[in-house]
Structures are given as C-alpha cells and as structure tokens.
Amino acid sequence: MLPVLLAMLAGMIAGYILRHQSRLFAVLDPLTVWIIRLLLFLLGLGIGRDEALLRGVPDLGLKGFILAVASIIGSIAAARILVGKPDLPAQRSNESDGAAGPVFGPWAAVRGSLAAAAAFSVGLPIGYAVRGINPLPVDAAALTLYALMFLVGLGAGADPTALFMIRRHGRRLVLLPVSVIIGTTVGCLAAALVWPELPVRESLAVGVGFGYYSLSSLVIKELSGGDWAAVALLSNISREILTLLAAPLLVRAAGPAAVPAAGGATSMDTTLGVTIQSSGREWAVPALFSGIVLTILVPFAVTAILTF
C-alpha cells in the first residue's frame, strides 16, 4: 500500500507544480484510460500463466464469482440508500486545464466496457501460451499500477477545487465505506442462504476481503484452508475485474457512488482511475478514503469472522 500512496503523492506534488500546463492535462484522461487497459491486460496475463489457478476455476471460480457479484450488488444497493444518487457530473470543457469530463452516453459506456474486457481477454491466452516462463523482466503490473496512481495524483494536484470537494462530500466520506461493509455482508449472507454449497462463515470471510485478494487469501489460507483461499482469490479478483469492466454502466444505473462501492478496497488503487473516469474527479477523495479504510479493516474482519 505504501508504494501506491507514495506514487499518488508524487503525482499530486507534480500536478500542483505543473497546474498551469494546459497541454499536459489535455492528454491526462485519455492516457489514464490506456493505462487502465494495460493493467487489465497484465492482470489477464498473470491469471493465464497460473495453471493451478486455471484448473480450479470451474468449481472454485463459480463460488468466487457468485460471492463477488453478491458483494457488488449489496454494496451498490447500500451506497444508493446511504450515500444517495447525486446528479451525474456533466461533460465539461475546462479551459484552465484542458481536461474533458466523463461522457455518459450509452454507446460510450458500452464501448468503454468492451474495450476493457478485450484488454483482459487478450491477456489470458497470451499468459497461457507463455506459462512456465516469465515473459517480463520486471513486475510490469506493479509498475503500471504505480503509473496509474501517479496520473491520478497528477490530476488531483492540479485541481484547485480539491478542498471544496472534501467539504462538499462531507458525510459521504464516512458513509461510502460503511455502505460497502454493510452491502458486502448482506450480499454474501444472502448468497450463502440461497446456495447451500456456500457456508455462511467462509462466505462472509471471502466477502470482507473487499477486493483485496492477496491479503485476504493469505489470512483465509491460514485459518480455513487452501480451497477457500482460492475462492477468496478468485472472488476478489472477480470483484476488481467486474468493477473495471462495468464502471460506466454502473454509474448510469446507480449513480457515481456505485463505482467506488463496487470496487471496495481497490477504490484506493486499481479502480481509482476508472472511478475518476466514470464518476468524475470529485469522487477521487471519497474513493481513496473508502479504499484505505477498507484495506485496513480486511485482516481484522477476516480473522474475526473465522475465529469467533
């Protein structure tokens, strides 16, 4: 988490210094879109290279996917009730920074989701083709994530209305993570009650990973075994991917709070860029705050559910 935050902080400092460079910020949004697509491609590449993960997908993946969908639906519904559905940010042309706001036409939403899905889909077979070898000399996914966070910080640092946005959101800063906690819990509980193959305790433990698949999987492996660790990994990866792919459609259906609510803990890093693209820059602060709170809660929540 620290390198991610440092990358964003560096971007904010650079953004403040370069805030009057309108040509630079004119390309910021398109560049962020392509960085998100690259991140999805690398995520698909990594999954395609993991044969053990691919073999467990049919059974464990189905359980994980159902819990991911239940978590997303529950979180969005809770955010809709507690945070509300503010007016969508209008498409704007800001002459001071040259940046265009989010576009919410139906074709634009579908096209963005299809492009993101294509990026992930291309990565899967390529990863499978090169399984057993490392085609990249560095952790390209981590470097891409740092680049994305730098760009997000760049936009935030150049935005003179950041403090105003914090005051404007007010209670939403607290209500957003609360919505995710309540919605995820209710959603996973409902899924477990409907499908007997999903035990309540393990289902709740998977859900409160909130998309933080690496940490939650490790904790669950220690407390409940490898199978449920795999379910947690697949479920939280699914939550992240579904948020990245469906972000524009989620905003149209349930308002701008839907994207950070769906992303859970990932709203502070991997889905923060797509939140800004789809919901508007004013949602960067609530999304970041929510993601940090949920990330901190993950190990405590998972441990509490599986031990008490």
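Kindly establish whether residue 280 is touching a Pro at 6+ places or on another chain (Cβ under 9 Å), under 30 Å from residue 153 (Cβ atoms), surrounded by fewer than 23 Cβ atoms within 10 Å (Cβ to Cβ) and not hydrophobic (A, V, I, L, M, F, W, C).
Yes: the conditions hold for residue 280.
Could you look through segment 194-211, keep only residues that are assigned to a helix (DSSP H, G or I) and among the β-branched types (Val, Ile, Thr), and pick out the one that is surrounded by the fewest Cβ atoms within 10 Å (Cβ to Cβ)?
Per the criteria, the residue is 194.
Any idea which residue in segment 261-287 is farthest from the chain's Cα centre (by Cα), counting only those that are within 21 Å of residue 236 (Cβ to Cβ) and of a type in the set (S, T, N, Q)?
So the residue we want is 278.
Determine whether segment 285-301 contains at least one residue that is closer than 15 Å to residue 36 by Cβ and touching an Asp or Glu at 6+ places or on another chain (Cβ under 9 Å).
Taking every residue of segment 285-301 in turn, none turns out to be closer than 15 Å to residue 36 by Cβ and touching an Asp or Glu at 6+ places or on another chain (Cβ under 9 Å).
Cβ-Cβ below 6 Å, separation at least six or inter-chain, first residue in segment 51-70 and closer than 26 Å to residue 133 by Cα, second modelled with pLDDT of 85 or more: which pairs?
Listed by first residue and then by second, the contacts come to 60/231.
Which residue out of 285, 302, 293, 298 is assigned to a helix (DSSP H, G or I), of a type outside the set (Gly, Ala, Ser), touching a helix residue (DSSP H, G or I) at 6+ places or on another chain (Cβ under 7 Å) and crowded, with 24+ Cβ neighbours inside 10 Å?
After ruling out the rest, the residue left standing is 302.
Go through (1) hydroxyl-bearing (Ser, Thr, Tyr); (2) assigned to a helix (DSSP H, G or I); (3) touching a residue at least 40 places away in the same chain (Cβ under 8 Å) for residue 275 and report which single condition fails.
Here residue 275 clears every test but (3).
Keeping to segment 212-263, report how many residues are in a loop (DSSP other than H, G, I, E, B) and surrounded by fewer than 21 Cβ atoms within 10 Å (Cβ to Cβ).
Adding up the residues that qualify gives 2.
The values are calculated or read from the model by the stated rules, or taken from the named source; none is laboratory data. Keep in mind that this is a model prediction, so the values were computed, not measured. Every residue, glycine among them, receives a Cβ derived from its backbone with ideal geometry; neighbour counts consider all protein chains shown.
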